Amino acid sequence: MNCSRALRPLVAAMLYFSVLFAFAQSPSAGTNVNMVSGTDWTTGDPFLQRQNEPSSAVSTRNALHLVAGANDYRTVDLPGLLGIEERGDAWLGIFKSFDGGQTWQSTLLPGYPLDSSADGLASPLRGFQAGADPAVRAGTNGLFYYSGIAFNRGTNALGAVFVARFIDNDNRENGDATRTQGAITNVTPADSIRYLGETVVARGSATQFLDKPWLAVDVPRGTATCTINFTNPDGSAGSEVVPAGAVFVTYTAFGGTTQMSDSGKSGREGSGRDDSDDDEGNPNNTKIQFARSNDCGKTFSLPIRIAGGSINQGSVAVVDPSSAGNPAATVYVAWRRFADSFHRGGIAIAKSTNGGVTFSNPVDVVTFPLSCLATPTGVGCPIDQGLSIAGGSFRTNTYPTMAVDDSGRVYVSWSQRQSNGDARIMMSVSATGVNWSGAGTPVDLGLVADDNGNAFVNLTNPSRGHQIMPTLTFNAGKLMLVYYDLRQDHTLGLFTLTPDLTSYVETRKLLGELDPTDPNYNPLGVFNSYMTDGANGVGTTLTVRRHTIDLEGAQTSPAAGGSLVVPSFNSFRISRYQFGVNPFDSTSVAEQLQVNTPNLPLFVSGTQPFIGDYIDVAGASSFVINNGKWSFNTLPGSNPVFHAVWTDNRDVKPPLDGNWANYTPPFSASNPTTPHPSVFDPSQIVPGCSDDSRSGMRNQNIYTARIAPGIFVAS
């Protein structure tokens, strides 16, 4: 057999039908779009590899222009790489859309191994083996900021936190973001979104690992400007002077010491919270670090320490839009503090009123019960799930997400267990970010509703299933919350047309351990403390069917009159799948033909699952310009638009024999059906591909959906 990209369908012989339907929905999610495109390397993913942990932003010069990043494994199956023990490694993908997220072009962020482009050769990331943990945020004047980490594998290996910059010149309708100059490793994009370079914010030491940076961007204040130099698609030089807006980055430092950034700064800044290791040697010395740039991300201050002395991780940063009229921004940083023998777990926050120069002492948004250390599944505890030895569970930890509205109220959300053991998305509100109630309010406790807003009454009541990984933003007068949801776990949608053929009625079909007619009926095996499949899908928890996970959204307007009560959210589904007639079930009813199964063992040579630690949502746009002055996009709009991005396993094709370790990449220019010299290293001979039944085993993708009010039309 030949390893073509025409993969064997999940179910043979499916009859599809197409019906046009429309209905009013506010808000509603549009088509789920696979952001990974292309069949060439590096401008595509010919090996059908994995992508996860996406982040995205919308251009402030053209709302149809989007930039996104993700952990990208398209380089893993490069055959014949000299000097690399592994067959390639993960890097960071760069994704661009010029039509509002309907279609995408992608390649790799400059600096990856084998990058022969001028930008790659000049990148400060050149020489690192791997990259990960992207965060993308838009700035004013069409700027984009892309943060991440680059690192080497092995003991005592070095790493770095960086910020890459782009600018949307918005001077052409489309353009080729994947143009190459002769060699497949020489990508020189010809689109309007121009790469400006990368800056290393901090470098780790042999004893310190730097993890997951997060970005926040401010409006221009004062009269300072930035000179933006870029290369036009024809190779000529271009330049633009724009008002300077500050950029803030926060990240986690595990142990050790932090080296100086490459931005040319000297001296230390802060209120006694610098990067000195006064608690070095403490096994729980995990620090939350913060750095700022006043020149549009070209250089950064030395990092200052916001928190340390305990196990801290998962920091996020937000600028208070109500501080736009002040000389300096009010900046908040929130993070998770893990419990240990000396510290209670909780969600902590720190505040700066001088643009990140100094921060207040951290305070707790919520403190988790003392009992959670011994009994992590108890009421009020965060939901943390680690990788199981047998590879039956994906990793997820409770990290905070945060937004600030136009009145300065701070909203923090996280995932927390309820009385039945299920985790729900919680939210707490503070007028100043300093005083908190110490508890949260669940955002979405009801049943899942169909696309017409009707609840699925045959799902368990009260609705069971965990909610995890929230991401929150405030834009155009709306709070938008997006999260993974398991309330539709072990079900499939069934679709019946209405008599007038203008719409459909959806019901949920109970499957596997939720089906009362199945001899293995076991609802408690589906809805319990964790989201584990057992050993490779067969174990003491589940024996018939794997867990499935969906993406849910919830939107609201801030409460009036400065109220600190969590406002009522309108929840809706974001996940949308192909549906049609499955002749093995019923030829008279259409059904959902895809699912997102989070516990597929796609990693560590087919032994461990992973769907990433983060998802993201972006408003369109973050900033607006009026009378030549930039401001935060906070005023209520008639048509607020958001873009959600997440990791999805719907395209993975399971191996027919159940063995996830024997992976074969599909046909590509580098892996033909007969032995052939490697395209990347002609001195190496690449074995031919002979089994196409395994060519889709690693095809994890990132997806996006546009969220907007009004009429939703689909086919």
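The values are calculated or read from the model by the stated rules, or taken from the named source; none is laboratory data. Since the structure is predicted, the reported quantities are computational estimates derived from the model, not experimental observations. Don't worry about glycine lacking a Cβ; one is built from the backbone with ideal geometry, like all the others, and counts go over all protein chains shown. Just so you know, the surface numbers come from the protein's heavy atoms only, side chains and all, with ligands and any DNA or RNA stripped out. Shrake-Rupley method; radii C 1.70, N 1.55, O 1.52, S 1.80 Å.
Restricting Thr491, Thr502 to residues that are surrounded by fewer than 19 Cβ atoms within 10 Å (Cβ to Cβ), β-branched (Val, Ile, Thr) and in contact with a strand residue (DSSP E or B) (Cβ under 9 Å, 6 or more places away or on another chain) narrows the list to Thr502.
Restricted to region 151-248, the set of strands (runs of 3 or more DSSP E) holding at least 2 residues that are hydroxyl-bearing (Ser, Thr, Tyr) and either open to solvent by less than 30 Å² (accessible area, probe 1.4 Å) or touching an Asp or Glu at 6+ places or on another chain (Cβ under 6 Å) (or both) comprises 193-204. Yes or no: Leu125 more than 16 Å from the chain's Cα centre (by Cα), under 19 Å from Arg203 (Cα atoms), of a type in the set (A, V, I, L, M) and in a loop (DSSP other than H, G, I, E, B)? Judged against the criteria, Leu125 is a match.
Each row is one residue, and each column tells you yes or no for (1) under 22 Å from the mean Cα position of the chain (by Cα); (2) modelled with pLDDT under 70; (3) charged (D, E, K, R).
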position	(1), (2), (3)
Tyr16	no, yes, no
Val36	yes, no, no
Thr39	no, no, no
Ser56	yes, no, no
Asp72	yes, no, yes
Glu86	no, yes, yes
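Residues in region 344-355 that are open to solvent by 30 Å² or more (accessible area, probe 1.4 Å) and either closer than 19 Å to Trp436 by Cα or without any contact (Cβ under 8 Å) to a residue 24 or more places away in the chain (or both): Arg344, Lys351, Thr353. Can you confirm whether region 367-385 contains a residue that is of a type in the set (A, V, I, L, M), open to solvent by less than 20 Å² (accessible area, probe 1.4 Å) and not in a strand (DSSP E or B)? The answer is yes, given that some residue of region 367-385 is of a type in the set (A, V, I, L, M), open to solvent by less than 20 Å² (accessible area, probe 1.4 Å) and not in a strand (DSSP E or B). Quick one: in region 428-473, of everything that is touching a Lys or Arg at 6+ places or on another chain (Cβ under 6 Å) and free of Cβ contacts under 8 Å to residues at least 40 places away in the same chain, which residue is most open to solvent (accessible area, probe 1.4 Å)? My answer is Pro442.
Let's see how each residue does on (1) open to solvent by 10 Å² or more (accessible area, probe 1.4 Å); (2) of a type in the set (D, E, K, R); (3) assigned to a loop (DSSP other than H, G, I, E, B):
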residue	(1), (2), (3)
Ser571	yes, no, no
Gly580	no, no, no
Ser588	yes, no, no
Thr597	yes, no, yes
Ser605	yes, no, yes
Tyr614	yes, no, yes
Val624	yes, no, no
Gly658	yes, no, yes
Asn662	yes, no, yes
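Candidates in region 96-118 are the residues that are surrounded by fewer than 22 Cβ atoms within 10 Å (Cβ to Cβ), more than 17 Å from Thr75 (Cβ to Cβ) and not charged (D, E, K, R); of these, the one that is farthest from the chain's Cα centre (by Cα) is Ala118. The criterion of being at pLDDT 95 or above and surrounded by fewer than 24 Cβ atoms within 10 Å (Cβ to Cβ) holds for Leu121. Give the number of residues within region 507-528 that are assigned to a strand (DSSP E or B) and either surrounded by 21 or more Cβ atoms within 10 Å (Cβ to Cβ) or within 29 Å of the chain's Cα centre (by Cα) (or both). Final tally of qualifying residues: 1.
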